[in-house]
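The structure under discussion appears below in the form of structure tokens.
The values are calculated or read from the model by the stated rules, or taken from the named source; none is laboratory data. Keep in mind it's a predicted model, so treat the numbers as computed, not measured. So basically every Cβ, Gly included, is an ideal-geometry build from the backbone, and we count neighbours across all protein chains shown. The accessibility values were calculated without ligands, DNA or RNA, using every heavy atom of the protein model including side chains. Shrake-Rupley method; radii C 1.70, N 1.55, O 1.52, S 1.80 Å.
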Amino acid sequence: MSKVIFEKECGCFKRSEHENHKEYASKEEALTQALELAKEMNEVFCKKHCFSVVEEGNDIVVKVDMN
């Protein structure tokens, strides 16, 4: 099992339907989902933050930086 973990939950994330610490059957599935989420969040959210994806052990972390 691998988790997709959001480093910080900005206001847009909290208002979205996405959930933090979501588990997936494989690391590959978690990575795919995290990359799709980061892309969507960079395109749709308020543009105050920039989202990127990094692997940390068996988990995938979505990093949040200010634009």
Could you please let me know if residue 39 is surrounded by fewer than 16 Cβ atoms within 10 Å (Cβ to Cβ) and either more than 16 Å from residue 67 (Cα to Cα) or out of contact with any Phe, Trp or Tyr (no Cβ under 6 Å at 6 or more places or on another chain) (or both)? yes
Which numbered condition residue 1 misses (of (1) in contact with a strand residue (DSSP E or B) (Cβ under 7 Å, 6 or more places away or on another chain); (2) surrounded by 13 or more Cβ atoms within 10 Å (Cβ to Cβ); (3) not small (Gly, Ala, Ser)): (2)
Give me a count of the residues in the range 52-67 that are open to solvent by 80 Å² or more (accessible area, probe 1.4 Å), touching a residue at least 24 places away in the same chain (Cβ under 8 Å) and in contact with a His (Cβ under 8 Å, 6 or more places away or on another chain). 0
The conditions are (1) assigned to a helix (DSSP H, G or I); (2) open to solvent by less than 40 Å² (accessible area, probe 1.4 Å), and residue 31 fails exactly one of them. Which is it? (2)
Please go through the range 10-28 and give me each residue that is acidic (Asp, Glu) and either open to solvent by less than 80 Å² (accessible area, probe 1.4 Å) or in contact with a strand residue (DSSP E or B) (Cβ under 8 Å, 6 or more places away or on another chain) (or both), ordered by number. 23
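Considering only residues that are in a helix (DSSP H, G or I) and under 17 Å from residue 66 (Cα atoms), look in the range 1-28 and name the one that is nearest to the chain's Cα centre (by Cα). Explain how you work it out, then say what you get.
The first filter runs over the range 1-28 and keeps only residues in a helix (DSSP H, G or I), leaving 11-15, 27-28.
Next, from what is left, pick out any that are under 17 Å from residue 66 (Cα atoms): 11-14.
Numbers: 11: 14, 12: 12, 13: 9, 14: 12 Å.
Per the criteria, the residue is 13.
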Residues of the range 29-57 satisfying the condition of being among the hydrophobic types (A, V, I, L, M, F, W, C) and over 9 Å from the mean Cα position of the chain (by Cα): 30, 31, 44, 45, 46, 50, 54
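Do you know which residues across the range 33-67 are β-branched (Val, Ile, Thr) and more than 15 Å from residue 1 (Cβ to Cβ)?
44, 53, 54, 61, 62, 64
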